[in-house]
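J.: The structure's right below; bear with me while I get my questions together.
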Amino acid sequence: MLLEVGPAMDTPMGRATLSFSEIDAWARRTARSLQPWEAQFLKRLSSEYLAQFSISSDPNCPPPWRVLSAPSKDELDRKIDALL
């Protein structure tokens, strides 16, 4: 839902966290009935998105996800043996 409503608002002062009025307008236009906690959660997600967006402007910033490496064959064999 966050990406559908838009993760942030563009204002004359720059990007800003979604307001409750923006969330409410989106919900009414899309015929969605949001619970109060859902609107609060969307607002919080918008805030977190903008915080990460700001941090990510640094070219040396690591991505906000962790790259998982595939386990080696030996490691898989040990895990399977431990289960059996």
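All of the numbers you see were taken from the coordinates with simple rules; none came from a lab. It should be emphasised that the depicted structure is a prediction, and the values quoted were computed from it without experimental measurement. Here the Cβ positions follow ideal geometry from the backbone for every residue, glycine too, while neighbour counts run over all protein chains shown.
J.: Looking only at region 22-39, decide whether some residue is free of Cβ contacts under 8 Å to residues at least 40 places away in the same chain and touching a strand residue (DSSP E or B) at 6+ places or on another chain (Cβ under 7 Å).
T.: The answer is yes; a qualifying residue exists.
J.: Here's another thing I want to ask about it. Any idea how many residues of region 33-45 are surrounded by 13 or more Cβ atoms within 10 Å (Cβ to Cβ), out of contact with any helix residue (DSSP H, G or I) (no Cβ under 7 Å at 6 or more places or on another chain) and either assigned to a loop (DSSP other than H, G, I, E, B) or not charged (D, E, K, R) (or both)?
T.: Step one: list which residues in region 33-45 are surrounded by 13 or more Cβ atoms within 10 Å (Cβ to Cβ), which gives 34, 38-45.
Retained after the next criterion (residues that are out of contact with any helix residue (DSSP H, G or I) (no Cβ under 7 Å at 6 or more places or on another chain)): 38, 40-41, 44.
This time we only want the ones that are either assigned to a loop (DSSP other than H, G, I, E, B) or not charged (D, E, K, R) (or both), so: 40-41.
Qualifying residue count for the region: 2.
J.: Same structure, new question: Is it the case, given these coordinates, that Leu18 is part of a helix (DSSP H, G or I), under 18 Å from the mean Cα position of the chain (by Cα), hydrophobic (A, V, I, L, M, F, W, C) and surrounded by 12 or more Cβ atoms within 10 Å (Cβ to Cβ)?
T.: Working: part of a helix (DSSP H, G or I): no; under 18 Å from the mean Cα position of the chain (by Cα): yes; hydrophobic (A, V, I, L, M, F, W, C): yes; surrounded by 12 or more Cβ atoms within 10 Å (Cβ to Cβ): yes.
Against the criterion (part of a helix (DSSP H, G or I), under 18 Å from the mean Cα position of the chain (by Cα), hydrophobic (A, V, I, L, M, F, W, C) and surrounded by 12 or more Cβ atoms within 10 Å (Cβ to Cβ)), Leu18 does not qualify.
J.: Considering only region 46-84, state which residues are of a type in the set (Gly, Ala, Ser), loosely packed, with under 10 Cβ neighbours inside 10 Å and assigned to a helix (DSSP H, G or I).
T.: Listed by number, the list holds a single entry, Ala82.
J.: What tally of residues in region 7-18 results from selecting those that are under 17 Å from Ala51 (Cα atoms) and free of Cβ contacts under 8 Å to residues at least 12 places away in the same chain?
T.: 4
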